[in-house]
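For reference, the structure is listed below as structure tokens.
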Amino acid sequence: MDYKAIQKRNPQKPTEAMKWYAQIVLGKEVTIAELVEDIEKFSALSEPDIRGVIIALENVVQKKLADGRIVRFEQLGSLYPSLSSSPAEEEAKLTADNIKDVKVNYRPGKRITEAMQAAPKHKVKA
């Protein structure tokens, strides 16, 4: 895992001097094609079967999240929907129009968290 040093000000203490913080350097995105290729190495399934399962999984996850469900992927973690809204003075006046944003959150599983903590970290030039 590569990181670089960036200098920034603490927004809660704007009069304090700027300090240095570590920021991850993201690599290239991983595509479904690359995931399929990697999964083939650990599975007896063929490329079309794996691709079909991934596409079906995307569709099912979208439906479950839209239904307000938590989607738990065992060791991988879970996805869950959340929303934010503007307030209403009375409960009866709170409607779907008050909803400002709907998001999907991810909570990593224990193995993912441990793998991230254990990953070697390398400082790179900015």
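The values are calculated or read from the model by the stated rules, or taken from the named source; none is laboratory data. Just so it is clear, the model here is predicted, and its values are computed rather than measured. We place every Cβ from the backbone using ideal geometry, glycine too, and count neighbours over all the protein chains shown.
Does Lys63 meet the test of being basic (Lys, Arg), more than 30 Å from Ala5 (Cα to Cα) and exposed (fewer than 10 other Cβ atoms within 10 Å of the Cβ)?
Values: basic (Lys, Arg): yes; more than 30 Å from Ala5 (Cα to Cα): yes; exposed (fewer than 10 other Cβ atoms within 10 Å of the Cβ): no.
Answer is no for this residue.
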Among the numbered criteria (1) at pLDDT 90 or above; (2) in contact with a Lys or Arg (Cβ under 7 Å, 6 or more places away or on another chain), which one does Tyr21 miss? (1)
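Can Lys121 be described as touching a residue at least 60 places away in the same chain (Cβ under 8 Å) and either farther than 26 Å from Ile24 by Cβ or not aliphatic (A, V, I, L, M) (or both)?
Working: touching a residue at least 60 places away in the same chain (Cβ under 8 Å): yes; either farther than 26 Å from Ile24 by Cβ or not aliphatic (A, V, I, L, M) (or both): yes.
Judged against the criteria, Lys121 is a match.
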In segment 104-121, residue nearest to the chain's Cα centre (by Cα) [restricted to those that are surrounded by fewer than 10 Cβ atoms within 10 Å (Cβ to Cβ) and either outside any loop (DSSP other than H, G, I, E, B) or modelled with pLDDT under 95 (or both)]: Lys110
Restricting to segment 68-102, count the residues that are among the hydroxyl-bearing types (Ser, Thr, Tyr) and closer than 16 Å to Glu58 by Cα. 2
Among residues of segment 9-35, those that are in contact with a strand residue (DSSP E or B) (Cβ under 9 Å, 6 or more places away or on another chain) and farther than 15 Å from Lys125 by Cα, counted: 4
Selected residue [free of Cβ contacts under 8 Å to residues at least 24 places away in the same chain, surrounded by 12 or more Cβ atoms within 10 Å (Cβ to Cβ), closer than 24 Å to Met116 by Cβ and within 22 Å of the chain's Cα centre (by Cα)] from Ile24, Ile32: Ile32
Just one of Ile50, Ile70, Ile39 is surrounded by 10 or more Cβ atoms within 10 Å (Cβ to Cβ) and in contact with a strand residue (DSSP E or B) (Cβ under 8 Å, 6 or more places away or on another chain); which is it? Ile70
